[in-house]
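This report refers to the structure that appears directly beneath it.
Readers should treat all values here as calculations from the given coordinates under stated rules, not as data from a laboratory. Predicted, not measured: the structure shown is a model, and the values here were computed from it. All Cβ positions, glycine included, derive from the backbone under ideal geometry; neighbour counts span all protein chains shown.
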Amino acid sequence: MKFFRFVVISIIGLFVLATLFGLIFPSTVYVSRVVDITAPKDSIYQYIKDIKGWQSWMDGLNDPSVQVDNSLKAHIAHTVINISVTPLNDSVVNAIWQTSNNGNQESKIEIIQGKGQPSAAVHWQFVQHIGWLPWERFSSMMNDKIMGTMMEKDLNNLKTLVEGH
């Protein structure tokens, strides 16, 4: 009986300790990447304003399992992700990536081009709000490695597509 009580108290203690340690990590995680593209803003915007444009440069969206409801909504069947895109103006697009198990991730793609400049910076950012459970907080440490690598590859695909290389 003493051993059983020791095991239960140890498990509860470890959970509390892991939770307290996990609270050190931020509750909001940002993953951001930027690429410079030598092209006018309008040439870039046509590829970021809706999902049909995304399908030409974003890996995974040109898969047959992606069902595009219209140019602003899509559903990826094998990963159970719903994407809703909202163009805010001629250089900023917001998107909500809704998953069945992790909740929502917000995404923003912004084109920044100075007046008279031959190139534009395309800034892509994901924001994820993390819960208080220890495994959610600890798993957020991998977001930059996993998502950042994918974002870099996709932005380079966009650069190649727009610049025509």
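Mind checking the log10 I(q)/I(0) for the chain at q = 0.11, 0.18 Å⁻¹? Debye, one equal scatterer per Cα, no solvent, two decimals.
Those come out to -0.54, -1.12, one per q.
Modelled label-to-label distance, residue 157 and residue 112, 7 Å Cα→beta-carbon offset: nm?
Each label point lies 7 Å from its Cα, and together they span 2.4 nm.
In region 1-40, whose amide N lies under 19 Å from the spot 7 Å out along Cα-to-Cβ of residue 146? List them in ranges.
Correct set: 22-23, 25-33.
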